[in-house]
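Student: Quick one: the structure is below, and I'll ask about it shortly.
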Amino acid sequence: GDSILTSIKHTHTVGKLDNPVLPNEGYKLKLFQEISGLNSSSKFIKTKLEGLVAKRLTNSISVNLNTQSGLLLTLDGKPSLLADRFHLGGPTSVRGFRTWGLGQHDRGSSVGGDLYWSLGLSMFGKLPILNFENLKWHTFANLGKSVKFNQDSSSISQVKSHLTSSSFYKHHSSSAGIGLVYQLQNGSS
């Protein structure tokens, strides 16, 4: 069905990366907040926190550690809408899964989540036989979890329940892989 969204969004980023696309050195911390409610089909507060640390190990190899978490709280006691939820999976969130492939599904389609976390470790390096600056080998390991709140209890009580439950951290999805990465755009800041 149709829905109307009126919201205020704020993003604040701090840090310095030597290359925003494939960083070798630096860090970044990004906070995203959204509040919806005025003449909207849904009323919510949405917060997402992302962190990235990049470290050069050798002249040709670097490692990146990234983490993300997000929380969507409805303000009207109604369930969150599909379009407002977090959807995980794919090259920009949790590698090794198809886009929106992580979390609860209904008839093969992602229903998204109201609470999530993800953690990723990546290593990049120059190819030893080819001297292409933008083409690198890549290996990664990722894990994450997304949960949709049920309609029977308040969002706040479900946040407390999930964050204090060991299953929220133990029962997650994970992936690992190797491959090649080609940087299409200029990575200078």
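Student: Please sort 74-81, 47-54, 118-125 by packing, taking for each peptide the average over its residues of neighbouring beta carbons within 10 angstrom, highest first. Present the calculation step by step, with values, prior to reporting the outcome.
Tutor: Details: 74-81: 15.0, 47-54: 17.2, 118-125: 18.8.
Answer by packing, highest mean first, reads 118-125, 47-54, 74-81.
Student: Multiply the residue gap between residue 98 and residue 182 by 0.36 nm, knock off their C-alpha separation, and tell me the result in nm, one decimal place. Write out the running numbers ahead of the final one.
Tutor: Values: separation 84, 0.36 × 84 = 30.24 nm, distance 1.93 nm.
Taking residue 98 through residue 182 to full extension adds about 28.3 nm, to one decimal.
Student: What is the packing order of peptides 7-13, 31-37, 139-145, taking the mean over residues of other C-beta atoms within 10 Å and listing the highest first? Please report the intermediate quantities before stating the final value.
Tutor: On the way: 7-13: 10.7, 31-37: 16.3, 139-145: 19.7.
Highest mean packing first, the order is 139-145, 31-37, 7-13.
Student: Continuing with this model, one more query. Using 0.36 nm per residue of separation minus the Cα-Cα distance, give me the extension gain between residue 39 and residue 27 in nm, one decimal.
Tutor: Details: separation 12, 0.36 × 12 = 4.32 nm, distance 3.84 nm.
Length difference between fully extended and current span is 0.5 nm.
Student: Given a Förster distance of 35 angstrom, what is the FRET efficiency for residue 76 paired with residue 13, based on the Cβ-Cβ distance and rounded to 0.05?
Tutor: Working: r = 30 Å, r/R0 = 0.87.
So, using R0 = 35 Å, E works out to roughly 0.70.
Student: Among 18, 2, rank each residue by its count of other Cβ atoms within 10 Å, from fewest to most, as a rough exposure measure. Intermediate results must be reported in sequence, preceding the final value.
Tutor: Details: 18 15, 2 4.
Ranked by crowding around the Cβ, least crowded first: 2, 18.
Student: Still on this model: If you take semi-axes √(5λ) of the Cα gyration tensor in Å from the coordinates, which of [x] 36, 24, 12; [y] 34, 18, 15; [z] 32, 19, 17 do you get?
Tutor: From the options [x] 36, 24, 12; [y] 34, 18, 15; [z] 32, 19, 17, the structure gives [y].
Student: Excluding residue 162 itself, calculate the net charge of residues whose Cβ lies under 14 Å from the Cβ of residue 162, where each Lys or Arg counts +1 and each Asp or Glu counts -1. Don't skip to the answer; put the middle values down first.
Tutor: Working: positive: 145, 148, 160, 170; negative: 114.
So the surrounding residues net to +3.
Student: Okay, moving on. Distance between Cα centroids, the range 109-184 to the range 52-92: provide it in whole Å.
Tutor: For the range 109-184 versus the range 52-92, the Cα centre distance is 7 Å.
Student: To test your reading of the geometry: what angle, between 0 and 90 degrees and rounded to tens, separates the Cα axis of helix 155-164 from the longest principal axis of the chain?
Tutor: That works out to roughly 40 degrees.
Here, each number is a calculation from the coordinates, and none is a lab measurement. Just so we're clear, the structure is a prediction, and the values are computed from it rather than from any experiment. Because the Cβ atoms are built from the backbone with ideal geometry, glycine has one as well, and the counts that use them run over all protein chains shown.
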